[in-house]
Amino acid sequence: MAGTLTSNVIDQISEQVEQAQRQARVIPKLSEQWPEITVSDGYAIQANLRRRYLASGERLVGWKAGLTSRAKMKQMGVHHPCIGFLTDAMARPENSAISTGDLVHPRVECEVAFVTSKDLRGPGCTAEAVLNATDYVLPAIEIIDSRYTGFKFDLASTVADNCSSARFVGGGRARYAEELDLRTLGVVLEKNGEIVAVAATAAVLGHPAEAVAMLVNVLAEQGEMLPSGSFVMSGGITEAIPVSPGDSVVARFQELGSVSIRFVE
Ligand code: 0L1
Ligand code: MG
């Protein structure tokens, strides 16, 4: 669906979303104030937001696919995936203490991340093309944080909020994708030593490379491509799990090792 908002309104909303993200402040979902907002408007706001972060000195390091598993779509009440951008300021090291003071209502997701060694272009990008362009895969935890009141949103508002991107942590064992069956890897997510979610990687659109192909095709709709050397997270394999200061989280991936983080004030 085409965009409905003027470029002035897109600028105004981008600034509002940027301030909510930077100050960890909730705002009502955008569709309450702009009921006509479309997903296309959401991507125009996201592109504007990306320009603002890059102009402030952050570096684009990759992309993420979101809402790629049935568990996530059901949890959030939406029916389509989305994409978001990742900057160096969102990256955190494995085993680090992640501050929640600058987040609104963080949740964790375990994801397979891809690192590419060739440019990828849509439309028509396929999982096979993604695998051919993949240097290696590694396990990751994404910390998402919707800036909307009560974590309530619709797809257009979520896309405008950079698909709830906040922090991400790569780790575990990097592996060549061709050495693995990326559909059937088991994943166990533990919080404070308790298993809180279990799933297999096929939960991500049947194969995580499908999510990366979807992302490349969405980029193509915006006249963009995925350059060689990109880090791409393919989407939460289980539902997202809320976290608070004091929590420790371990995501254990079959064949890919584990990623651990903890949360502090
Ligand atoms: O990475 C994700 O799947 C997040 C998508 C946006 C919805 C949410 O905030 O849970
Ligand atoms: Mg995610």
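Annotations for the structure displayed:
- Of the strands (runs of 3 or more DSSP E) contained entirely in region 1-118, those carrying at least 3 residues that are more than 15 Å from the chain's Cα centre (by Cα) fall at 97-99.
- Failed item, numbered, when Arg51 is tested on (1) in contact (Cβ under 8 Å) with a residue 12 or more places away in the chain; (2) open to solvent by 60 Å² or more (accessible area, probe 1.4 Å); (3) out of contact with any Ser or Thr (no Cβ under 7 Å at 6 or more places or on another chain): (1)
- Scanning region 225-257 for residues that are surrounded by fewer than 18 Cβ atoms within 10 Å (Cβ to Cβ) and among the hydroxyl-bearing types (Ser, Thr, Tyr) yields a count of 3.
- The condition of being in contact with a helix residue (DSSP H, G or I) (Cβ under 7 Å, 6 or more places away or on another chain), more than 16 Å from ligand 1 (Cβ to nearest atom) and in contact (Cβ under 8 Å) with a residue 60 or more places away in the chain holds for only one of Leu182, Leu205, Leu256, that being Leu182.
- Answer residue from region 121-150, given it is open to solvent by less than 20 Å² (accessible area, probe 1.4 Å) and more than 25 Å from Asn217 (Cβ to Cβ) and is farthest from the chain's Cα centre (by Cα) among those: Tyr148
- So Ala133, is it more than 15 Å from ligand 2 (Cβ to nearest atom), within 24 Å of Glu224 (Cβ to Cβ) and in contact with a Lys or Arg (Cβ under 6 Å, 6 or more places away or on another chain): yes
- When the residues of region 61-89 are filtered to those that are open to solvent by less than 20 Å² (accessible area, probe 1.4 Å), in contact (Cβ under 8 Å) with a residue 60 or more places away in the chain and more than 9 Å from ligand 1 (Cβ to nearest atom), the one that is nearest to Lys152 (Cα to Cα) is Ile83.
- Hey, Phe168 open to solvent by 10 Å² or more (accessible area, probe 1.4 Å), out of contact with any His (no Cβ under 6 Å at 6 or more places or on another chain), hydrophobic (A, V, I, L, M, F, W, C) and closer than 19 Å to Val78 by Cα or not: no
The values are calculated or read from the model by the stated rules, or taken from the named source; none is laboratory data. Nothing here was measured: the structure is a model prediction, and the numbers come from that model. Virtual Cβ from ideal backbone geometry, glycine too; neighbours counted across all protein chains shown. Calculation scope for accessible area: heavy atoms of the full protein, side chains included, ligands and nucleic acids excluded. Shrake-Rupley method; radii C 1.70, N 1.55, O 1.52, S 1.80 Å.
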